[in-house]
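This is the structure, below, for whatever I ask next.
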Amino acid sequence: MFYRGNDNYLMDRREIAQVLDDMAVIFELTDENPFKIRAYQNAARVVEGMSDLEERIASGSLTEVPGIGKNLADHITELYKTGKIKEHERLRKSIPPGVIDMLSIQGLGPKRVKIIYKELKATDIGQLELLCRVGAIRTRKHFGPKIEENILQGISYLRRHLGEHLSSNALAAAVEIFEKVKRHPPVKRAEIAGSIRRRKELVKDIDIVASSDAPKKVMDFFTGLPEVEKVEAKGETKSNVILKSGISADLRVVSDKEFPYALHHFTGSKEHNIAMRGRAQKMGMKMNEYGLFSVRGKQEKIIPCKDETEIFARLGLEYIEPELREDMGEIAAAENGTLPKLVTEKDVKGIIHVHSNYSDGINTIEELARYSQKLGYSYLGICDHSQSAGYAGGLKPAEVKKQWEEINEVNKKLKGFTVLKGIEVDILTNGSLDYNDELLEGFDLVIASVHSKFNMTEEEMTSRLIKAISHPNVDILGHPTGRLLLSREAYKVDMHKVIDAAAKYNVAIEINANPHRLDLDWRLCPYAHSKGVKIAVCPDAHTTDNIHDIFFGVGIARKGWLTKEDVVNAWPVEEFIRWLKK
DNA sequence: GCCGTTTTCGGCCCGACTGTTTTCAGTCG
């Protein structure tokens, strides 16, 4: 199931980018030159997209990379070699961590946080909340009751999601410790269970299930891992630790005979398990994490099963994929033999919705194409931003024409691979699109997305999206609700009406595979399927690395019961193009 | 911070929106 990750230095590059971004954040709070801040942010993105970082560090040629000068080259080298930057450590100490946390509150940026910290002396979110409640915020210039209210709402949103993690972060942390546990000699079998295995978009903790005859040894090994910050509980069957990444992780160790039952039990969901136990009971059986038992009076006898498939079979069910175990109809479908054959990562044929260096992406069209081809895909849809998206380097019509010529050139060079001329066109406030019809007609592929004016009423936003969908050139509706997991709520919109409109105009809806979005929500996929609406699983990539995010999008599609027939970019290129020309 | 046949200082991207104001500051994308 696992994220195949990337070749070579992904973690190093991401970690370096993270530190540079962190420095930029601190600079924002300390009145640094705004262009210096941007230089750091820019360098973070550049490093993230570099394929030859190690060579350049070794040869000292980092400064040849646009956006990296003497200073940043030194910082990056220091970080790569020593794991830290002295100046970063110094900056970190100059500002309380609780102040930096405030920046994650929606509507609070560096300027306001600085006033809250320097003038109102609040050093964490709790103190800030108190200031809002007593009306102390509104005493400052340009602060008023409405801003107090917005801050309180932002804090409440953060609290509601306290202890939750993006699936991408949780998975990365889980894989790191899981691989070690799995390779530990006393361990016979091991799997990541829980909501990560069910591919939920947000995850509270990591669950690992292992089998062994020497549970104590396994527990000692687990609680002694270098990734562990704190051991919360430690026993022979269960241990709980807090990882240095801040995520809580559970390990359960059972005998190898018990493993399939434990795996099923700790994969959940709780609701699925309740329904399964009810079914077992009706069939004269009993089910828990240690086994499936036949019950006769007071006599209980274990029913041996070597894996989960056998457990389901004993209960008269087809194997149910973990993604579907939410008690949302999967048990009935497994009984009737009507479970869908879920789309897999391998089914995906084309990567669409990718930003190039024409707008806010890092890589050139050719780099993106060659990388996608190397990964085994057969087509790529370049979809940069349209002209209104000034912040993201949106393309003016003349630049679009230039890009088309470049795409033609790249297509001539590549064999057995097709680059499509696409665009992520902004949906303007009134639902019209950001280019005239003549220009739109020239694209192979048009994704329409909202990037502005999120605070409309539900009626206004719904009709705005439906108007965009009804445009004859629109093929796909991009990130339909605009949500950013753990940081921004979706805008108000009636997605059922939007899906109905997508069905009417034969427009596909995106599952944006960026782990911060995962939008369309999987809970709405069955409705879309029932209306015949197709889905596009798109990485919304801004670097070659981001293309791997497709993994998270496919997870959501699977959770939404979708098959490869439902997913337009799981179709061969000819079929996809035929559909685009519909 | 970076960049540069405008070669070493001066420019670097901006439009929309909100909540404050009474002309603008801050945030977001």
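The values are calculated or read from the model by the stated rules, or taken from the named source; none is laboratory data. If you're wondering where the values come from, they're calculated on a predicted model, not measured in any experiment. Cβ sites come from the backbone with ideal geometry, for glycine too, and all protein chains shown count toward neighbours.
Of these, A:68, A:37, which one is within 30 Å of residue A:125 (Cα to Cα) and not small (Gly, Ala, Ser)?
Working: A:68 fails: within 30 Å of residue A:125 (Cα to Cα).
Unique residue meeting the criteria: A:37.
Give all pairs with beta carbons closer than 8 Å in which a residue from segment A:66-81 that is in contact (Cβ under 8 Å) with a residue 60 or more places away in the chain and surrounded by 15 or more Cβ atoms within 10 Å (Cβ to Cβ) meets a residue that is part of a loop (DSSP other than H, G, I, E, B) and hydrophobic (A, V, I, L, M, F, W, C); count only pairs at least 6 apart in sequence or on separate chains.
A:76/A:68; A:79/A:85
Out of A:260, A:304, I need the residue that is in contact (Cβ under 8 Å) with a residue 12 or more places away in the chain, out of contact with any strand residue (DSSP E or B) (no Cβ under 7 Å at 6 or more places or on another chain), surrounded by 17 or more Cβ atoms within 10 Å (Cβ to Cβ) and not small (Gly, Ala, Ser). Which one? Step through it out loud before you land on a result.
Numbers: A:304 fails: surrounded by 17 or more Cβ atoms within 10 Å (Cβ to Cβ).
From the options A:260, A:304, the qualifying one is A:260.
Output the residue which, of all residues in segment A:128-161 that are more than 11 Å from DNA strand B (Cβ to nearest atom) and free of Cβ contacts under 8 Å to residues at least 12 places away in the same chain, is surrounded by the fewest Cβ atoms within 10 Å (Cβ to Cβ).
Checked segment A:128-161; the qualifying residue surrounded by the fewest Cβ atoms within 10 Å (Cβ to Cβ) is A:134.
Moving to a separate point now. Would you be able to say whether some residue in segment A:323-331 is surrounded by fewer than 17 Cβ atoms within 10 Å (Cβ to Cβ) and outside any loop (DSSP other than H, G, I, E, B)?
No: segment A:323-331 contains no residue that is surrounded by fewer than 17 Cβ atoms within 10 Å (Cβ to Cβ) and outside any loop (DSSP other than H, G, I, E, B).
If you take the residues of segment A:84-111 that are within 14 Å of DNA strand B (Cβ to nearest atom), touching a helix residue (DSSP H, G or I) at 6+ places or on another chain (Cβ under 8 Å) and charged (D, E, K, R), which of them is nearest to residue A:143 (Cα to Cα)?
A:101
With the structure loaded, tell me whether residue A:356 is buried (at least 22 other Cβ atoms within 10 Å of the Cβ), among the hydroxyl-bearing types (Ser, Thr, Tyr) and closer than 21 Å to residue A:439 by Cβ or whether it fails that test.
On the way: buried (at least 22 other Cβ atoms within 10 Å of the Cβ): yes; among the hydroxyl-bearing types (Ser, Thr, Tyr): yes; closer than 21 Å to residue A:439 by Cβ: yes.
Judged against the criteria, residue A:356 is a match.
Criterion first (within 7 Å of DNA strand B (Cβ to nearest atom), more than 27 Å from residue A:486 (Cα to Cα) and at pLDDT below 90) does residue A:81 satisfy it? Quick ask: steps written out before the conclusion?
Working: within 7 Å of DNA strand B (Cβ to nearest atom): no; more than 27 Å from residue A:486 (Cα to Cα): yes; at pLDDT below 90: yes.
No; evaluated as a whole, the condition is false for this residue.
For the subset of segment A:567-582 comprising residues that are outside any helix (DSSP H, G or I) and more than 18 Å from residue A:377 (Cα to Cα), which member is modelled with the highest pLDDT?
Of the residues in segment A:567-582, the ones outside any helix (DSSP H, G or I) are A:567, A:571-572, A:581-582.
Next cut, more than 18 Å from residue A:377 (Cα to Cα) only: A:581-582.
Values: A:581: 91, A:582: 79.
Filtering first and then ranking leaves A:581.
Looking at segment A:438-449, can you tell me whether even one residue there is exposed (fewer than 14 other Cβ atoms within 10 Å of the Cβ) and among the polar types (S, T, N, Q)? Outline the logic, then answer.
Let us first name the residues in segment A:438-449 that are exposed (fewer than 14 other Cβ atoms within 10 Å of the Cβ), namely A:438, A:441.
Filter once more, so that each one left must be among the polar types (S, T, N, Q): none.
For segment A:438-449, residues exposed (fewer than 14 other Cβ atoms within 10 Å of the Cβ) and among the polar types (S, T, N, Q): absent.
Name the one entry in A:474, A:493, A:498 that is within 25 Å of residue A:576 (Cβ to Cβ) and within 24 Å of the chain's Cα centre (by Cα).
On the way: A:474 fails: within 24 Å of the chain's Cα centre (by Cα); A:493 fails: within 25 Å of residue A:576 (Cβ to Cβ).
Going through A:474, A:493, A:498 in turn, just one is within 25 Å of residue A:576 (Cβ to Cβ) and within 24 Å of the chain's Cα centre (by Cα): A:498.
Name the residues in segment A:114-129 that are more than 12 Å from residue A:147 (Cβ to Cβ) and assigned to a helix (DSSP H, G or I), would you? It would help to see each step written out before you state the result.
At the first step, the residues of segment A:114-129 found to be more than 12 Å from residue A:147 (Cβ to Cβ) are A:114, A:117-127, A:129.
Across segment A:114-129, the qualifying residues are A:114, A:117, A:118, A:125, A:126, A:127, A:129.
Now for a different question. Among the residues of segment A:372-393, is any of a type in the set (Lys, Arg) and away from DNA strand B (no atom under 16 Å from the Cβ)? Step through it out loud before you land on a result.
Applying the first criterion (of a type in the set (Lys, Arg)) to segment A:372-393 yields A:374.
So of that shortlist, the ones also away from DNA strand B (no atom under 16 Å from the Cβ) come out as A:374.
Yes: segment A:372-393 contains one or more residues that are of a type in the set (Lys, Arg) and away from DNA strand B (no atom under 16 Å from the Cβ).
If the Cβ limit is 6 Å and pairs must be 6+ apart or interchain, which residue in segment A:32-47 that is of a type in the set (S, T, N, Q) pairs with which residue that is modelled with pLDDT under 85?
Listed by first residue and then by second, the contacts come to nothing, as the list is empty.
Do any helices (runs of 4 or more DSSP H) lying entirely in segment A:210-313 carry at least 2 residues that are modelled with pLDDT under 90, and which ones are they? Steps first, answer last, please.
Numbers: elements: A:215-223, A:259-267, A:270-282.
Correct list: A:270-282.
Turning to a different aspect of this structure: Provide a single number: the residues in segment A:450-478 that are near DNA strand B (Cβ under 10 Å from one of its atoms) and touching a residue at least 40 places away in the same chain (Cβ under 8 Å).
Here is the first cut: in segment A:450-478, the residues near DNA strand B (Cβ under 10 Å from one of its atoms) are A:450-456.
The next check asks that each one be touching a residue at least 40 places away in the same chain (Cβ under 8 Å); those that pass are A:450-452.
Residues flagged as near DNA strand B (Cβ under 10 Å from one of its atoms) and touching a residue at least 40 places away in the same chain (Cβ under 8 Å) within segment A:450-478 amount to 3.
Within segment A:114-135, does at least one residue satisfy the condition of being closer than 16 Å to residue A:25 by Cβ and of a type in the set (Gly, Ala, Ser)?
no
Scan segment A:379-403 for residues that are of a type outside the set (Lys, Arg) and exposed (fewer than 15 other Cβ atoms within 10 Å of the Cβ) and jot them down. Please lay out each step first, then the result.
Going through segment A:379-403, the residues of a type outside the set (Lys, Arg) turn out to be A:379-395, A:397-400, A:403.
Across segment A:379-403, the qualifying residues are A:390, A:391, A:397, A:398.
Let me ask something additional. Kindly list the number of the only condition in (1) without any contact (Cβ under 8 Å) to a residue 40 or more places away in the chain; (2) touching a His at 6+ places or on another chain (Cβ under 7 Å) that fails for residue A:166.
(1)
Here is a further query. When you look at residue A:394, is it closer than 22 Å to residue A:545 by Cα and at pLDDT 95 or above, yes or no? Break it down into steps so the answer makes sense when it comes.
Numbers: closer than 22 Å to residue A:545 by Cα: yes; at pLDDT 95 or above: no.
The answer is no for residue A:394.
Right, something else. Please state which one of A:297, A:376, A:284 is touching a Ser or Thr at 6+ places or on another chain (Cβ under 8 Å), at positive phi and loosely packed, with under 15 Cβ neighbours inside 10 Å.
Values: A:297 fails: touching a Ser or Thr at 6+ places or on another chain (Cβ under 8 Å); A:376 fails: touching a Ser or Thr at 6+ places or on another chain (Cβ under 8 Å).
None of the others qualify; the one that does is A:284.
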